[in-house]
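Input: a single structure, listed below in structure tokens.
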Amino acid sequence: MQKSPRDRFDDVPRATGRVGAHRAEQPGMNGLVVLLWSAAVALVLIVCGIFVSLVMMDRISLFGGDEPTPAQTQPGVVAELDTSYRVLILNATPEEGLVAEVRETLLAEGWSTDDVFGSDGSSQEFSKTTVFYVSDDDEGAALGLAELLGDAEVQKSDFYAALNDSDEPQLTVVVGLDRVEKTPSPETPAP
């Protein structure tokens with residue numbers, strides 16, 4: 001039998017003691033430890049994802065500058081009842097029928113049926129009924145509408161501006177829990 005010619009691998013010592021060690025299992029890795037670390041990393045990523053989503057949807061504010069603040073009435077702004085505005089009514093209470101009640105109040109004051117619309121039910125509760133307006137020119141009409149509804153708050157905010165699908169100015173009324181307390185409950189008959 002013929003010997004193969006000598007090459008550079010013939011000079012490597014054969015007794016290194018760790019033949020195939022790169023394929024061996026890591027001695028310090030425990031299955032339970034790996035599982036716990038994976039669960040902790042997954043939890044951190046989920047919490048960060050929820051937080052970023054809430055910030056992007058304007059549900060929470062990082063620095064408090066984006067939240068609507070109560071409107072400071074400018075000197076000379078007079079409350080006026082202007083029926084040329086469209087009015088969106090949103091019910092932010094668990095009680096049904098408050099939108100229809102507010103709508104009837106506005107229709108009785110001269111608003112057109114096409115200009116008053118709303119939605120019942122919401123996942124977010126307001127403690128006080130609030131009228132939102134977009135620009136400073138709308139403040140007088142918002143104050144007039146708040147007086148008509150009876151002690152409603154007025155705030156300048158463009159949060160609901162995207163819900164206006166026309167070129168006409170729009171006010172948004174968010175019905176709060178204060179309207180639920182004022183609504184008389186039907187009396188139960190005595191047995």
When the residues of segment 124-148 are narrowed to those that are among the small types (Gly, Ala, Ser) and over 12 Å from residue 176 (Cα atoms), which ends up surrounded by the fewest Cβ atoms within 10 Å (Cβ to Cβ)?
135
Evaluate segment 85-100: report whether one residue or more is closer than 15 Å to residue 146 by Cα, out of contact with any strand residue (DSSP E or B) (no Cβ under 7 Å at 6 or more places or on another chain) and assigned by TED's automatic domain parsing to the domain that holds residue 147.
no
What are the pairs, 6+ residues apart or on separate chains, where a residue within segment 87-114 that is part of a helix (DSSP H, G or I) has its Cβ under 7 Å from a residue that is small (Gly, Ala, Ser)?
99/118; 99/119; 103/118
Taking residue 163 as the residue in question, decide whether it is surrounded by 15 or more Cβ atoms within 10 Å (Cβ to Cβ), in contact (Cβ under 8 Å) with a residue 40 or more places away in the chain and of a type in the set (A, V, I, L, M).
no
From 61, 4, grab the single residue that is surrounded by 10 or more Cβ atoms within 10 Å (Cβ to Cβ), of a type outside the set (Asp, Glu), at pLDDT below 85 and in a loop (DSSP other than H, G, I, E, B).
61
Restricted to segment 122-139 and to residues being touching a Phe, Trp or Tyr at 6+ places or on another chain (Cβ under 9 Å) and in a helix (DSSP H, G or I), the residue modelled with the highest pLDDT is 139
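Let's see how each residue does on (1) more than 25 Å from residue 58 (Cα to Cα); (2) modelled with pLDDT of 85 or more; (3) not assigned by TED's automatic domain parsing to the domain that holds residue 57:
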{"site": "104", "(1), (2), (3)": "yes, yes, yes"}
{"site": "109", "(1), (2), (3)": "yes, yes, yes"}
{"site": "116", "(1), (2), (3)": "yes, yes, yes"}
{"site": "120", "(1), (2), (3)": "no, no, yes"}
{"site": "145", "(1), (2), (3)": "yes, yes, yes"}
{"site": "154", "(1), (2), (3)": "no, yes, yes"}
{"site": "166", "(1), (2), (3)": "no, no, yes"}
{"site": "176", "(1), (2), (3)": "no, no, yes"}
{"site": "189", "(1), (2), (3)": "yes, no, yes"}
Just one of the numbered conditions (1) modelled with pLDDT under 80; (2) assigned to a helix (DSSP H, G or I) is not true of residue 35; which one?
(1)
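The values are calculated or read from the model by the stated rules, or taken from the named source; none is laboratory data. What you are looking at is a predicted structure, and each value in this text was computed from that prediction instead of being measured. Cβ atoms come from the backbone with ideal geometry, glycine included; neighbour counts cover every protein chain shown.
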